[in-house]
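What follows is a short report on a single structure.
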Amino acid sequence: VIKEGSATTNNKHGIYFLRANNGTIYNNTITIGASIVSYGIILSTSSSYNNVSNNNITIESINGAGIFSTSASSNKIISNWILSNGNSDGIVVFTSTNEILDSNYVEEISTGRAGISLSYSTYLNVTNNTVKWISNGIFSIGQSNQGNHIYKSNQVNSSQSQSYVIYGTTIGNYNQSI
């Protein structure tokens with residue numbers, strides 16, 4: 001169990017991989033309380049071939065995320081359970097390549113940003129994820145995001161009247177599949 005302390009600082013992170021390769025982050029319970037720009041798990045700057053699976057993450061951060069992959073490649077983010085109770089994303093993939101997001105469950109209790117956010121990344125495989133989100137379900141933005149992705153068997157349930165599932169495509173709410 002990893003729980004952020006009572007310090008009143010920002011940028012609190014549960015697990016931070018920086019230039020880490022071939023690692024495993026498995027079966028952790030991570031709780032990040034109210035703070036600003038904090039993450040449950042970060043895969044950062046040239047972190048490659050890591051396996052992030054079976055983690056239970058609760059995040060209450062503002063502008064944070066349960067799992068954040070940035071400038072990374074070839075990581076597997078599989079079978080994680082993420083609960084956002086703040087203005088945070090569930091999973092963010094930013095300027096990364098060859099990432100696999102499979103069988104993750106992402107839920108939002110209060111208004112957040114996106115269940116799964118994919119930005120300026122290439123060759124992503126996003127399959128079998130379940131997103132229960134008040135705001136945007138799966139949100140993809142950026143020139144390099146066009147094409148080169150696999151989206152299959154994802155379930156998005158949004159109570160918002162419009163839920164962005166893929167940037168440029170808006171679908172109605174409740175139980176959409178892509």
Let me know the charge dipole size of the range 1-110 about its Cα centre in debye, to the nearest 20, where only the beta-carbon of Lys, Arg (+1) and Asp, Glu (-1) is charged. 320 debye
Accessible area in square angstrom per residue, the range 1-108, 1.4 angstrom probe: 41 Å²
Output needed: percent of Cα pairs per 10 Å distance bin for the range 60-108, bins running from 0 to the one holding the longest distance. 28, 51, 21
Normalised by the residues of the range 1-133, what does the relative contact order come to in percent, with Cα pairs under 8 Å and at least six apart? 18 percent
Sites Ser46 and Ser79 - FRET efficiency at Förster radius 25 Å, r taken between beta-carbons, to 0.05: 0.50
So for the pair Asn63, Ser153, with labels modelled 7 Å out along Cα→Cβ, what separation do we get in nm? 3.8 nm
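The values are calculated or read from the model by the stated rules, or taken from the named source; none is laboratory data. Values in this document were obtained by computation on a predicted structure and should not be read as measured data. Reconstructed Cβ throughout: ideal geometry from the backbone, glycine too, with neighbour counts over all protein chains shown. Just the protein is used for accessible areas: all its heavy atoms, side chains included, with ligands, DNA and RNA removed. Shrake-Rupley method; radii C 1.70, N 1.55, O 1.52, S 1.80 Å.
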